[in-house]
1. Give me the pairs, please: first residue somewhere in segment 38-63 and farther than 14 Å from Phe143 by Cα, second residue anywhere and of a type in the set (Lys, Arg), beta-carbon distance under 9 Å, and either six or more positions apart or on two chains.
2. Kindly indicate the residue of segment 88-122 that is within 30 Å of Glu66 (Cβ to Cβ) and touching a residue at least 12 places away in the same chain (Cβ under 8 Å) and also most open to solvent (accessible area, probe 1.4 Å) among those meeting that condition.
3. Mind checking whether some residue in segment 378-399 is open to solvent by less than 80 Å² (accessible area, probe 1.4 Å), modelled with pLDDT of 50 or more and β-branched (Val, Ile, Thr)?
4. Quick one: is Lys128 open to solvent by 50 Å² or more (accessible area, probe 1.4 Å), in a helix (DSSP H, G or I), at pLDDT below 90 and closer than 30 Å to Tyr233 by Cα?
5. Quick one: in segment 288-308, which of the residues that are under 27 Å from the mean Cα position of the chain (by Cα) and free of Cβ contacts under 8 Å to residues at least 24 places away in the same chain is nearest to Gly331 (Cα to Cα)?
6. What number of residues within segment 235-259 are touching a residue at least 40 places away in the same chain (Cβ under 8 Å) and assigned to a helix (DSSP H, G or I)?
7. Out of segment 38-50, which residues are open to solvent by 70 Å² or more (accessible area, probe 1.4 Å) and more than 14 Å from Lys158 (Cα to Cα)?
8. Tally up the residues in segment 299-320 that are in a loop (DSSP other than H, G, I, E, B) and surrounded by 14 or more Cβ atoms within 10 Å (Cβ to Cβ), please.
Amino acid sequence: MPRLLQRSRPSEPAPATSVGSDDVSLPEYEPPAFPMNDENKSKLERLVAAQRNDSDARQYEKHLNECSKNLIKAVGSINDLLFQRRRQLARHVEKRRSEGVDDKSEAERELEEYVAELEATISTLTDKSEQALRRVIDCRAEFEDTKTVLESVVVTVKAQQPRPEPKPKKERRQQRRPANDDDDDDDDEEVDEAEDVPPVVGVIDALRTARKVKMIEYSRLSAYDKYAVHNDYIPFKRTWHDAMHPDNEIPLPDPSTWFDEDGNPVKNVADIQEDDDLVVEREIVDLKCPLSLQAFKTPFSNHKCKHTFEKDAIMSFIRSSGGKAQCPVPGCSKDLTITDLYPDEVMLRKMKRVAEASRRNADATSEVEEEEEEDDDPDASIVIGRTNNIKRERNNRRVEDIEED
């Protein structure tokens, strides 16, 4: 007979057993983490030390320097162009008034409209250049903080300790003991021991945390501390001011007035001061080096004081003092080094303007002298001319006589 097989019924889930009346809540998930070993910590230290001579870092720093230089030159060039067009328009107006003409010519009206459009365009470009330079300064601050951030990561990683190994679980019957059991004191001690060990922080998390801390510190600085005392913003402001006031020689306002309370840049501070009836002393420009007492050829200023020197003179002076010397100008106690020096483009601009003015004055003086000589003895030139003509006639006659002979 065929053998009958009894099919087994599917097993039903076992009824849930309640451990207690309270719901059991699981702890928050923690990703697995393990502190770096000594070998990896040494590699991280070498990586941080190598950042000082990293080619990409040097290239990035060079790029930031070029950006600052180009923006400084650009703000001077565009405002120079605006000043030239304003002066051209002023000459048209002065000439018309000297001739007693009230109505503007078509050329003057076109030039006036062009200058108005140029003022709006250059004002916008100047604002964009100023914003771009502040962005470059922000990037430079972030770049300079990179070393501190990486060193902070190394300190964090080296301070990490391995978490204690978990102890074997006790028997279920021990866990279900009454609450007033004495073994609960031992469990509390084990938990306290585990909580004393700080959690393991990954390298990426430590890097992000250190960067965030530096960003918060930088954001809390005022605009004066960020930009007004920065070695890139000061020559930018000097060039901008010099291009706007090339003939008046109005001194550059104090850096504390460059930004308002909200951190926005203040334009035309010198004009605002004049409008408020404040006495603005004219700046005395000395084109001679206070150290060599010779006229400037390659003027160099510094980031420590406001004095300018000839390049070779100040460098020789600092080197002769062992690489660090006090400013040679009497009354100035700032210590200078070679790294504090930089080419003074604003002084070069002033030297160029003085040279052009001297050349124009020389040309004007020579023209006046020629006119005076002509007015003093007008007949002398005629006599000389006739005398020369007589001599030419005599010479021609002699040549003809020789040919006839």
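The values are calculated or read from the model by the stated rules, or taken from the named source; none is laboratory data. Not measured: the values here are computed from a predicted model. Glycine gets a Cβ as well: all are built from the backbone with ideal geometry, and neighbour counts include every protein chain shown. Just the protein is used for accessible areas: all its heavy atoms, side chains included, with ligands, DNA and RNA removed. Shrake-Rupley method; radii C 1.70, N 1.55, O 1.52, S 1.80 Å.
1. Between residues of segment 38-63 that are farther than 14 Å from Phe143 by Cα and residues that are of a type in the set (Lys, Arg), the close pairs are Lys41/Lys158; Leu44/Lys158; Glu45/Lys158.
2. Only one residue tops the list, namely Glu119.
3. There is no residue in segment 378-399 that is open to solvent by less than 80 Å² (accessible area, probe 1.4 Å), modelled with pLDDT of 50 or more and β-branched (Val, Ile, Thr).
4. no
5. Among residues in segment 288-308 that are under 27 Å from the mean Cα position of the chain (by Cα) and free of Cβ contacts under 8 Å to residues at least 24 places away in the same chain, the one nearest to Gly331 (Cα to Cα) is Lys306.
6. 8
7. Within segment 38-50, just Leu47 meets the criteria.
8. Residues meeting the conditions: 5.
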